[in-house]
Amino acid sequence: MRSRVVLACADAAGAPNGVIAEELGVSRNTVTKWRNRFAADRLEGLLDEPRPGRPRTIADADVE
């Protein structure tokens, strides 16, 4: 979904967030968040940020 938002923003070239949100079926806040994170941090901005709370006890490799 994150990449779809960013790609839609690139294709729409200046389209308002509301228009993109309606096309993708997400909220305008979601489009704003991912558009801004991508603009600030490029591809790194689309990765998950650490979550608050207790640290994970199972590594990603173990889950796979």
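Pairs, please: C-beta under 6 Å, at least 6 apart or cross-chain, first residue surrounded by fewer than 10 Cβ atoms within 10 Å (Cβ to Cβ) and in the range 41-56, second not basic (K, R)?
Correct list of pairs: empty, since none qualify.
Quick one: would you say E49 is at pLDDT 90 or above and either over 9 Å from the mean Cα position of the chain (by Cα) or of a type in the set (G, A, S) (or both)?
Spelling it out, it is not the case that E49 is at pLDDT 90 or above and either over 9 Å from the mean Cα position of the chain (by Cα) or of a type in the set (G, A, S) (or both).
Looking at the range 1-12, is at least one residue assigned to a loop (DSSP other than H, G, I, E, B), under 14 Å from the mean Cα position of the chain (by Cα) and at pLDDT 90 or above?
yes
Give the residues of the range 12-38 that are closer than 13 Å to R2 by Cβ and exposed (fewer than 13 other Cβ atoms within 10 Å of the Cβ), sorted by residue number.
Within the range 12-38, N36 is the sole residue that qualifies.
The values are calculated or read from the model by the stated rules, or taken from the named source; none is laboratory data. Just so it is clear, the model here is predicted, and its values are computed rather than measured. Note: ideal-geometry Cβ built from the backbone for every residue, glycine included; neighbour counts use all protein chains shown.
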